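Each remark here refers to the structure printed beneath this line.
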Amino acid sequence: MSRPLYQLKAEFFKTLGHPIRIRVLELLSEREHAVSEMLPEVGIEPSNLSQQLAVLRRAGLVTTRKEGSTVYYSLTSPHVADLLAVARQILTGVITGQAELLDDLRAPVSPPGGKRDG
């Protein structure tokens, strides 16, 4: 018996639930990268980067090709880049809404009768 789609989606989002994996996917959204190119961009140890890339590979989000001794990673689908772009748009809207709320909270309050407190 197959798992429900919502369960598969939850597992997919769990895979995305790590900042290093998100950063790697953002880099790969631009173009394919060798591990050595990603290391300075993500700022972690090579073994940790390899672990995160393995998680992404097992999830089917990245693929590899080898050229000599260099392994290049790329996204398996341009939809991954689209998903990251949509997430950015959503976060921009959320943060904008929070900033507006913060501005409202910081604005001086006029008490009944028209005199400002403060």
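Pick out the one residue from ALA54, ALA34 that is modelled with pLDDT of 95 or more and closer than 17 Å to PHE12 by Cβ.
Numbers: ALA34 fails: closer than 17 Å to PHE12 by Cβ.
None of the others qualify; the one that does is ALA54.
So which of SER110, SER74, SER36 is open to solvent by less than 50 Å² (accessible area, probe 1.4 Å) and either touching a Cys at 6+ places or on another chain (Cβ under 7 Å) or among the small types (Gly, Ala, Ser) (or both)? Before the answer, list the steps.
Details: SER110 fails: open to solvent by less than 50 Å² (accessible area, probe 1.4 Å); SER36 fails: open to solvent by less than 50 Å² (accessible area, probe 1.4 Å).
Unique residue meeting the criteria: SER74.
Quick one: in the range 1-15, which of the residues that are of a type in the set (A, V, I, L, M) and within 23 Å of LEU84 (Cβ to Cβ) is surrounded by the fewest Cβ atoms within 10 Å (Cβ to Cβ)? Step through it out loud before you land on a result.
We begin by selecting, within the range 1-15, every residue of a type in the set (A, V, I, L, M); these are 1, 5, 8, 10.
Keeping just the survivors that are within 23 Å of LEU84 (Cβ to Cβ) gives 5, 8, 10.
Working: LEU5: 8, LEU8: 11, ALA10: 12.
So the residue we want is LEU5.
Output yes when any residue across the range 80-94 is at pLDDT 95 or above, in contact with a strand residue (DSSP E or B) (Cβ under 7 Å, 6 or more places away or on another chain) and open to solvent by 70 Å² or more (accessible area, probe 1.4 Å), and no when none is.
No, the range 80-94 has no match at all.
Given (1) open to solvent by 30 Å² or more (accessible area, probe 1.4 Å); (2) on the phi < 0 side of the Ramachandran plot, where does LEU25 come up short, assuming only one miss?
Just one mismatch for LEU25, condition (1).
Across the range 40-87, which residue is farthest from the chain's Cα centre (by Cα) among those that are touching a residue at least 40 places away in the same chain (Cβ under 8 Å) and part of a strand (DSSP E or B)?
The residue in question is TYR72.
Return the residues of the range 87-102 that are within 20 Å of LEU16 (Cα to Cα) and charged (D, E, K, R); say none if nothing qualifies.
ARG88 - this is the single residue of the range 87-102 that is within 20 Å of LEU16 (Cα to Cα) and charged (D, E, K, R).
The values are calculated or read from the model by the stated rules, or taken from the named source; none is laboratory data. A quick note: this is a predicted structure, and the numbers were derived from the prediction, not measured. Positions of Cβ are generated from backbone atoms using ideal geometry, with glycine treated the same way; all protein chains shown enter the neighbour counts. Protein only, heavy atoms only, side chains kept; ligands, DNA and RNA dropped before computing areas. Shrake-Rupley method; radii C 1.70, N 1.55, O 1.52, S 1.80 Å.
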